[in-house]
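Visitor: Mind having a look at this structure? Questions to follow.
The values are calculated or read from the model by the stated rules, or taken from the named source; none is laboratory data. This is a predicted model, so every value here is computed, not measured. No Cβ is skipped: glycine too gets one built from the backbone with ideal geometry, and neighbour counts run over all protein chains shown. Heavy atoms of the whole protein, side chains included, go into the accessibility calculation; ligands, DNA and RNA do not. Shrake-Rupley method; radii C 1.70, N 1.55, O 1.52, S 1.80 Å.
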Amino acid sequence: MHPTAATVTGGNDPLRRGPAKKRGNYNCGRCGLPKKGHVCSSSLAAALPPRSDHRLRRALSFDDEEAEVTTPLPEAAGMELTEEDEEEMVEVGGGLALPESCLAKVLRRLSLKELMGSALVCRGWRECVRRVWISADEIRVRVSQIGFVGSVLHKCANLARLSLIMESDADSTVLACVAFACPNLECLEISLTKNAVNRITGDELSHFVAEKRSLSVLKVSGCSNLGFLNINSTSLSTLWLSDLYCISRMVLHCPNLKELSLSFIQKTNDSTDLVNMMDSLGRGCPNLRNIHIASALLCNDAVRALSDANIRGLRMLSLILGSRITDASVASIIACYTNLELLDLSGSSITDNGVGMICNALPRTLSTLRLALCPNITSSGIQFATAQLPLLTLMDCGMSICDYSCDDQHPQDSMIDIDEEASESRKYQRFLAKKPNSMHQKLLIKHECLKKLSLWGCSGLDALYLNCPKLVELNLNSCTNLHPERLLLQCPNLGNVHASGCQDMLIGAIRNQVLNEFTAVENQFSLKRLADGSKRVQLPRFPPQVLYEDEKRKRIRPTQCTLHLK
């Protein structure tokens, strides 16, 4: 009878069964020499205890026999300090090998499809890919098939932040897949491409939020099919919903909600009741700090309902595209919310009197004021705001200083999005060309803290004088009537100037002032007075002389400023 492989194992005990004994490193963890009969000469090594008849076990041994001595040997302690020696090496091709942790860092830079293909290389690569999936806490992916997302998400047990860019229609299947595969999800963002449609209803979204007890941030776009929305969550802190339309009722019971953004589609037949919605915010979301609402249905009654909600911690308020918002709404806002740091009333019908009320009520807190597309505001109101708000760092007055009397159509009637500055400027220029603008205003601003100023589309602006030492960004796009000789920019820290759609002479004047192109060249040559001392003339341009180090340091250097013309 021939012996089998299970019975013939070598040694004195041919019937021994079980896995082979695994041992640690045979080299010293301190000096690298073989451990057999070795006494480490390192200064950190302690003296070896006297040998006994029984051999002490190593700390990393897998024997079933228990150790009789609990104090580990110095060589065993050295093995614990060098965990990298025990890490498995993975072949990467060409006879080279990398530790698993190092290869995992490289694999994190791949896309999801490339990462799934890497798992098919070998067993070592598959283990590294598994490590990457487990350690992933944030994923941003384009979705064309829901099945692909499900095959990826179930591998990421610790996923906390997920961003889905839907290239196909989104429905309840997406929410079910995310809810099942990501139990610890904290942040979910769903955005749509041009041809995708969001078919998620209000009941489905409310049920998803109620199930995810750890969800704190939810951002969903294309919410035109919600209808009714009832969200109850104690963990939700940020809620963004865009493209809303015909919301029959919205109930938000989120005591820890800090930021709320609701953007509605600009359609005339929208039946959303904003008054009841504003009234419920104070009861269901008492800790709100930031509110952004974009809707053409905003009116004085809706603003008054928001003021009656008495949200004490409100710091940022943005109510845009509400052409029926007047100075009465400003009075309601400043009567209740006296600690606002940001106020955005772009697209409203407030006047210079409303701007004055804002300045008188919020001089110590307001740092950002946006009054774009406000046709009743003049340069006097803007100058008063900059003079009375010492903490102001950002101001947007785009398309406010304009003359709308030359056309029956108001820019707000064809407004699609407040952020589409370029398209609105082109629309305004088309009807502005029909008749010369008869309204010319000048703007003088001197401010110590202002950092960003936007005057895009202010075609009624004729002269501009700025003295802002901290100004870093200036937007003059489509300022078609701004005179080059009436432009003065005393802003030494200016970094970006936008001048798209301006006249060539104005662009040249901006280059001369912010880039110092001509001044830097002229200062290289000395000037000399005429014989009668009446006038200083420039000397002929001789070949440049060699400058000493002190003279090189005194030369004027061009300002590091970028001029954007597109």
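Visitor: I need the calculated FRET efficiency for the pair ALA328 and TYR465, taking r as the beta carbon distance and R₀ as 22 Å, to the nearest 0.05.
Guide: Values: r = 34 Å, r/R0 = 1.53.
Here the calculated transfer efficiency is 0.05.
Visitor: Same structure, new question: Extending each Cα 7 Å along its Cβ direction at ARG283 and ARG109, get the distance between those two points in nm, one decimal.
Guide: Reported label-point gap for ARG283 and ARG109 is 5.6 nm.
Visitor: Can you give the accessible area of ILE382, probe radius 1.4 Å, in Å² rounded to 10?
Guide: About 0 Å², ignoring ligands and nucleic acids.
Visitor: Can you run phi through the Karplus equation (6.51, -1.76, 1.60; θ = phi - 60°) for region 277-289 and list ³J(HN,Hα) in whole Hz, with x for Gly and Pro?
Guide: Result, rounded to whole Hz: 5, 5, 5, 7, 5, x, 7, x, 10, x, 9, 5, 10.
Visitor: Next up: What does the convex hull of the Cα atoms come to per residue for region 294-350, in Å³?
Guide: Details: hull volume 3.8 nm³, N = 57.
Convex hull volume per residue, Cα atoms: 66 Å³.
Visitor: Quick one: which residues, 5 or more positions from LEU471 or on another chain, have an amide H under 5 Å from its amide H? H modelled 1.01 Å from N in the peptide plane, none for Pro or chain starts.
Guide: Counting only residues 5 or more places away or on other chains, the set is ASN493.
Visitor: Using only protein heavy atoms and a 1.4 Å probe, report how much of HIS440 is accessible, in Å² to the nearest 10.
Guide: Accessible surface of HIS440 is approximately 100 Å².
Visitor: Let me ask something else. Taking 0.36 nm per intervening residue step and subtracting the Cα-Cα distance, what contour gain separates ALA335 from VAL121 on full extension? Write out the running numbers ahead of the final one.
Guide: Details: separation 214, 0.36 × 214 = 77.04 nm, distance 6.73 nm.
Here the answer is 70.3 nm.
Visitor: Kindly state, to the nearest 0.05, the FRET efficiency for ASP273 paired with GLU211, given R0 = 35 Å and r defined as their beta-carbon distance. Don't skip to the answer; put the middle values down first.
Guide: Working: r = 28 Å, r/R0 = 0.80.
Rounded to the nearest 0.05, the efficiency is 0.80.
Visitor: Per the 1.4 Å probe, what fraction of the accessible area of region 299-371, in percent, lies on carbon and sulfur atoms?
Guide: Values: 1140 of 2570 Å².
Solvent-exposed carbon and sulfur of region 299-371 make up 44 percent of the total.
Visitor: Averaged across orientations, what area in nm² does the convex hull of the alpha carbons in region 240-378 project?
Guide: Numbers: hull surface 30.0 nm².
Average projection, Cα convex hull of region 240-378: 7.5 nm².
Visitor: Turning to a different aspect of this structure: Mind listing the phi-derived Karplus ³J(HN,Hα) values for region 210-218, rounded to whole Hz, using 6.51, -1.76 and 1.60 with θ = phi - 60°, and x for any glycine or proline?
Guide: 5, 6, 7, 6, 9, 6, 10, 10, 9
Visitor: Let me ask something else. Hey, what do the phi angles of region 271-276 turn into as Karplus ³J(HN,Hα) couplings, whole Hz, using 6.51/-1.76/1.60 and θ = phi - 60°, x for Gly and Pro?
Guide: Going residue by residue, I get 9, 5, 9, 6, 5, 5 Hz, with x marking Gly and Pro.
Visitor: Along Cα→Cβ, 7 Å out, is where each label goes; now give me the distance between the ones at ASP243 and ILE134 in nm to one decimal.
Guide: A separation of 3.9 nm, rounded to one decimal place.
Visitor: Ignoring ligands, DNA and RNA, what accessible area per residue does region 107-179 give at 1.4 Å, in Å²?
Guide: Details: 3870 Å² over 73 residues.
Averaged over the residues of region 107-179, the accessible area is 53 Å².
Visitor: Moving on. For region 91-247, what is the Kirkwood hydrodynamic radius in Å, using each pair of distinct C-alpha atoms? The partial results should precede the final answer.
Guide: Details: mean 1/r = 0.0592 Å⁻¹.
Result for region 91-247 stands at 16.9 Å.
Visitor: Search the structure for amide H atoms under 5 Å from the amide H of ALA97, placed 1.01 Å from N in the peptide plane, and list their residues when 5 or more places away or on another chain.
Guide: Long-range HN contacts for ALA97: VAL92.
Visitor: Same structure, new question: Separation between the ASN158 and THR173 pseudo-spin-labels, each 7 Å from Cα along Cα→Cβ, expressed in nm?
Guide: Computed distance between label sites ASN158 and THR173 equals 3.2 nm.
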